[in-house]
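Handing you this structure, nothing more for now.
What follows draws every value from the coordinates through simple rules; no lab data is involved. Computed from a prediction, not measured in an experiment: that's the story for all the values here. When we count neighbours, we look across all protein chains shown, and the Cβ atoms used for this are built from the backbone with ideal geometry, even at glycine.
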Amino acid sequence: MSNATPTEGGSIIEEYRYLLSKESVWGWLFLLPTLVALAVVSVFPIIRGILLSFYEYNALRPDVWLGLGNYATIFGLPEFWNVLKNTFVWSFASVVMMAALGLGFALLLDREFKGRSIATTLLLLPWTIPFIAVALNWNLLFDFNLGMFNGILNLLGFERIDWLSRGRYALFSVTLAYVWRNFPFFMITFLAAMKGIPQDLYEAARVDGSTRLDLFRHITLPFLQPIGIVTTLLMSLWTLNHFTLIYVMTSGGPGNASMVLPVYIYRQAFRQNDFGLAAAIAVVMLIIMMGYGLVYLRLYQEEVGGK
Amino acid sequence: MARILFDEVTKIYGDDTLAVDDFDLEIEDGEFLTLVGPSGSGKSTLLRMVAGLEDITEGSIHIGDTVVNNLPPRSRDIAMVFQSYALYPHLTVRENMAFGLKRSTDLSDPEINDRVEEAAAMMGIEPHLDQKPKHLSGGQRQRVATGRAIVRDPGVFLFDEPLSNLDAKLRKHMRTELQRIQNQLDTTTIYVTHDQEEAMTMSDRIAILNYGELQQVGSPRTVYNEPENVFVAQFIGSPSMNMFVSTLDTDANRFVGDIDVSIDPERASAIAQNATSDELLLGIRPEHVTVHLEAVEESVPASVDIIEPLGSNDLLYFDLEDGTGVEDVIADDVSIGEDEEKDEEEYKVFIQPDSVPIEYEDSGELVYLTFDTEHMHVFDPRTGENIDVETATRTTVDAQTETAGDDD
């Protein structure tokens, strides 16, 4: 043991001496590869992105310092607010639907029945399909002439709908495809949590006179709450960030009817050739997501930590 | 309050796992009955069938005058305490105790609160009423679980190994607490345990089970003093009964073999009549063996294995020269209990502390044993039955008759 090992209640000087000791240097050396990798793939792009947001930047002209000019532009654009609203509606609706579907199927799969493992596999399958394949398949399902949905409407005697090209249907259609692809994540986490609920509690509650609804409300739900909160946080952040499905299915259209922030940032950067503005939107998005994450975790700590 | 009747109850899990086999038993109103047996004996299954947590394959269970086979647990007027306590972790102690009352009665909130506080006072948990279970110790959780059962004032209490998660001292304390409460409330109780000591100390009657079959039911003293078969003899009593293998010589009225003892001619001929085998098992409890340092009349030499100090007395483990293993003579289909199957003929005797010098341990130095044949049981190794019980009972009856005659 090195003499430089810090003692409890030791002075700051002793702690610095420890940091520079031989033992400590070896520790830092072992950490170095990870730190370098993190800096290259994570820290550097974030700092570069933030710096970029203060410039007018495109591939053709030299950079021009704008200060907060890009931010002023964004907040003055009506379409930005519209895109922001779309992003929240899409994220909120997706997460709520995925959680509800996931919970429903988890409750079904938690029961004993013949063919349960096959049903579980089939229900998990969407989660394994790449987004690009999901997008192409659902484009076919929503196709005006050949799609299944219009086929059903036709059979029932309703008019066909232009799902992906009519303003109010476009966002709904991509949400549906996204929910189908991602609900198994909720399902499997809920199912895992349900397996961890002691059966004794259900039995005690049954002896205590509980109905099925009581069992769900007073035993199942409280046990699912902690994992539900964490899963919801993760899925919210993933959904806010999601790009592929919307880009392939509608590219944010018609107009900006299904436009969400990630696609909007891409369009500003690579279609409008305005990397500075795109970077500023990305910074705004980063702040929103960090704020959401922090508030959510605080609520989680109050809710679960208090118990 | 209610009596409970098991009428030819059978439970088969899946296609062929027989958990309870044709079980008949009547439990009186207000009685404290303990179901005891080793793991897999079916005792918990029986309790869960009474609770309605397990379906009954055949037969019927009556609580009071009602057949409850098809009633859900909430309609059976029962309360159950689980081994794990099964306290709702997100509810406070008060809410845990009120949970059942809110669902099974029409009582108002203030009435429920009064009942909860009354039960909490009875269990000594009032200071913890507003705490969550995770902040309580094991003993306190056990009290809450019991409190949650008594607050409902049910017709029947069901206890599923409720003390097995507590340390030895607390377990003993809670035994008396539970007995006190049961006496106070006079509620019919079925108590499941694998701990025969718990069964002996708490119950009005004990039902001993093995492989889903009822072996014997009776008061703690009856099952201890008059075990009907070799399984009950081995299972009840700690340390367990010594089993010696000997042959009955009816001419000499003596047992000859592991131990040589003489018995009276009448008893010898009764045993000979009941026996289906030459070699018989002689069961003698450790307290009915006496150790001498010098050979005396009718004594059997033995070597000392180990002497275990227990406090008020010591337990001496001994070996017999050429002792026959019980498993060598017992029929394959006769169960003698896992402990006996596992260990190599461990014979035990209680002695006064320091009455045998410690140097005798494992030294080859011999001690001499005599046996109290009055308290000796004789089992048939082919059937496992106690073939001496009738004689013992008749002896008691004869003695009583004689005493009555004397009084005349």
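Would you compute the Debye intensity of the protein assembly as shown from its alpha-carbon atoms alone, equal scatterers and no solvent, and pass along log10 I(q)/I(0) at q = 0.12 Å⁻¹ to two decimals?
One equal scatterer on each Cα of the protein assembly as shown leads to -1.27.
Continuing with the same structure: Where a ≥ b ≥ c are the square roots of the eigenvalues of the C-alpha gyration tensor, would you call chain A rounded, which needs a/c under 1.5, or, failing that, prolate if a/b is larger than b/c, or oblate?
It is oblate, given that a/c is not under 1.5 and a/b is not larger than b/c.
Counting only other residues whose beta carbon sits under 11 Å from that of B:T201, what net charge do I get with K and R as +1, D and E as -1?
0
Let me have the 222 nm mean residue ellipticity of the protein assembly as shown computed from DSSP H runs of 4+ only, each contributing -39500 (n - 2.57), with the sum over all residues rounded to the nearest 500.
Computed ellipticity for the protein assembly as shown at 222 nm equals -14500 deg cm²/dmol.
Could you work out the mean projected area of the convex hull around the alpha carbons of region B:4-225, in square nanometres to one decimal?
With every direction weighted equally, the projected area is 12.2 nm².
What shape does region B:57-108 have by the C-alpha gyration tensor, where a ≥ b ≥ c are the square roots of the eigenvalues, rounded means a/c under 1.5, and otherwise prolate means a/b greater than b/c and oblate the rest?
In terms of gyration-tensor shape, oblate.
How tilted is helix B:109-123 with respect to the longest principal axis of chain B? Cα atoms for both, answer in degrees (0 to 90, nearest 10).
Its long axis makes an angle of about 20 degrees.
Please average, across the residues of B:143-153, the number of beta carbons from any other chain that are within 10 Å of each residue's own beta carbon, and give a whole number.
That average works out to 1.
Taking 27 Å as the cut-off for C-alpha to C-alpha distance, list the pairs among B:K43/B:K134; B:K172/B:K348; A:K114/B:K43; B:K134/B:K172; B:K11/B:K102 that go past it.
Those over the limit are B:K43/B:K134; A:K114/B:K43; B:K11/B:K102.
Quick one: if you stick a label point 7 Å off each Cα along the C-beta vector at A:L155 and A:S117, how many nm between them?
Using points 7 Å along Cα→Cβ, the separation is 3.3 nm.
Contact order normalised by length for chain B, with contacts defined as Cα pairs under 8 Å and 6 or more residues apart; what percent is it?
Rounded, it is 15 percent for chain B.
What percent does the relative contact order of chain A come to when contacts are Cα pairs within less than 8 Å and at least six residues apart?
For chain A, the relative contact order is 26 percent.
Quick check: from the Cα gyration tensor, does region A:1-142 come out rounded (a/c under 1.5), prolate or oblate?
It comes out oblate by the Cα gyration axes.
Another question about this same structure. Helix by helix through chain A, keep the DSSP H runs that span 30 Å or more along the axis on Cα and average at least 1.0 on Kyte-Doolittle, and give those back in order.
Membrane-span-like by this rule: A:78-109, A:275-300.
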